[in-house]
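Below is one structure; the comments refer to it alone.
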Amino acid sequence: MAFDKNSRKEEAGFQKSAPVSEYEEIVLAINRCSKVVKGGRNFSFGALVVVGDRNGKVGYGYGKANEVTDAIRKGGEAARKNMITIPMRGTTVTHTVEAKYRGSSVLIRPASGGTGLIAGTNMRAVLGLAGVVDVLTKSLGSSNPSNVVKATFKAISMMHSKDDIMTKRGKTQGEAK
């Protein structure tokens, strides 16, 4: 009789984990802060979390707690509440956009098919979880993960799809030319 890991765990009294969420989650940064008190030091943690469905929706959140796991959980919940939709043309973004948030500045350009996701760590996480496959990016200025993510979201919110522009101009798809 053949045994696999899951059947042995179930027989040993372990239960299967909760149903898998439709969103993927990446922890980009964990910050530790300490407060000196009479008995020693009290630590608190902050976690920057990015959540996406790889199908055009992505969000970010920052959670703070006295334990790392609680901070990550709170950041994930905040990210799910802060979801935005990224306009895409095939596997890339619709047009070039540049955005600045505090000391960080980002440039996002569409790329031809097969180029890949050319981006730094923080922008790669955001665009990858959004489902963008082909894009060229550059992060300028500060490399603070929080500011880079916020600048990336600002750039995404500045993007428009062709349909958005046509409805803003009061035209239909057939009148495009």
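The values are calculated or read from the model by the stated rules, or taken from the named source; none is laboratory data. Predicted model only: the values in this text are computed from it and were never measured. No Cβ is skipped: glycine too gets one built from the backbone with ideal geometry, and neighbour counts run over all protein chains shown.
Some notes on this structure:
- From LEU140, LEU127, residue being surrounded by fewer than 17 Cβ atoms within 10 Å (Cβ to Cβ) and not in a loop (DSSP other than H, G, I, E, B): LEU140
- When each of THR115, THR152, THR92, THR96 is tested for being farther than 30 Å from ASN31 by Cβ and surrounded by 17 or more Cβ atoms within 10 Å (Cβ to Cβ), the lone residue that passes is THR92.
- Close pairs (6 angstrom Cβ cut-off, 6 or more residues apart or separate chains): within 16 Å of GLY141 (Cβ to Cβ) and assigned by TED's automatic domain parsing to the domain that holds ALA119 in the range 87-104, among the polar types (S, T, N, Q) and in a loop (DSSP other than H, G, I, E, B) anywhere: GLY103/SER142; SER104/SER142
- The C-beta contact set for the range 55-77 (first residue within 14 Å of ALA125 (Cβ to Cβ), second residue part of a loop (DSSP other than H, G, I, E, B) and of a type in the set (A, V, I, L, M, F, W, C), distance under 9 angstrom, 6+ apart or interchain) comprises VAL58/ILE86.
- Scope the range 21-50; condition surrounded by 14 or more Cβ atoms within 10 Å (Cβ to Cβ) and either small (Gly, Ala, Ser) or assigned to a loop (DSSP other than H, G, I, E, B) (or both); matching residues: TYR23, ALA29, SER44, GLY46, ALA47
- If you check VAL148, VAL106, VAL133 for being more than 13 Å from VAL58 (Cβ to Cβ), assigned to a loop (DSSP other than H, G, I, E, B) and out of contact with any Pro (no Cβ under 8 Å at 6 or more places or on another chain), only one passes: VAL133.
- No other residue among SER105, SER17, SER7, SER44 is more than 22 Å from the chain's Cα centre (by Cα) and modelled with pLDDT of 95 or more apart from SER44.
- Residue within the range 152-170 that is in contact with a Leu (Cβ under 6 Å, 6 or more places away or on another chain), among the basic types (Lys, Arg), modelled with pLDDT of 95 or more and not assigned by TED's automatic domain parsing to the domain that holds VAL49 present: no
- Residue within the range 136-145 that is farther than 30 Å from ARG32 by Cα and modelled with pLDDT of 95 or more present: yes
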